[in-house]
1. Name the single residue that is modelled with the highest pLDDT among those in segment 83-98 being charged (D, E, K, R) and over 10 Å from the mean Cα position of the chain (by Cα).
2. Quickly run through segment 53-69 and pick out the residues that are assigned to a helix (DSSP H, G or I) and either of a type in the set (Gly, Ala, Ser) or buried (at least 16 other Cβ atoms within 10 Å of the Cβ) (or both).
3. Which pairs have Cβ atoms under 6 Å, sit 6 or more apart or on different chains, and link a residue in segment 53-65 that is among the aliphatic types (A, V, I, L, M) to one that is exposed (fewer than 12 other Cβ atoms within 10 Å of the Cβ) and assigned to a loop (DSSP other than H, G, I, E, B)?
4. When you look at THR27, is it β-branched (Val, Ile, Thr), modelled with pLDDT under 90, assigned to a helix (DSSP H, G or I) and surrounded by 11 or more Cβ atoms within 10 Å (Cβ to Cβ), yes or no?
Amino acid sequence: MKARSIIILATIIFPLFVWTSSAVSQTTEMLYQKSIYSAAIDKAIAHCKAKTSYRNSKSENLQRAAALSCMKAAFFNDFKVRLIEEMIRQASARNPIKSITI
């Protein structure tokens, strides 16, 4: 009787453990991806801000490049969260096995 109840408990608890561990691993994976994408966007913002020093140049082409870089940096700052969400969606579409819900 004891062995039977242990087997029944094990068959109930094991699927719950597997389901919980997969949910935790998905959350961990999503946080990891968010941090990677956030760092990439921060790096792009830093590159754009570095180019803004060209606005004082005598060259019109460099001034235009500086203006474009300012607009890019503003875009990245304003839409950072949405960009990260879209990057995660596209990554999960490429690899449906690692599908992550937001």
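The values are calculated or read from the model by the stated rules, or taken from the named source; none is laboratory data. The model shown is predicted, which means the values in this text are computed figures rather than measured ones. Quick reminder, even Gly has a Cβ in these numbers, built from the backbone with ideal geometry, and neighbours come from all protein chains shown.
1. It comes out as ARG94.
2. At the first step, the residues of segment 53-69 found to be assigned to a helix (DSSP H, G or I) are 53-56, 60-69.
Listed by number, the residues that qualify are SER53, TYR54, ALA65, ALA66, ALA67, SER69.
3. Here the result reads none, with nothing in segment 53-65 linked to a residue that is exposed (fewer than 12 other Cβ atoms within 10 Å of the Cβ) and assigned to a loop (DSSP other than H, G, I, E, B).
4. Numbers: β-branched (Val, Ile, Thr): yes; modelled with pLDDT under 90: yes; assigned to a helix (DSSP H, G or I): yes; surrounded by 11 or more Cβ atoms within 10 Å (Cβ to Cβ): yes.
When the stated conditions are applied, THR27 passes them.
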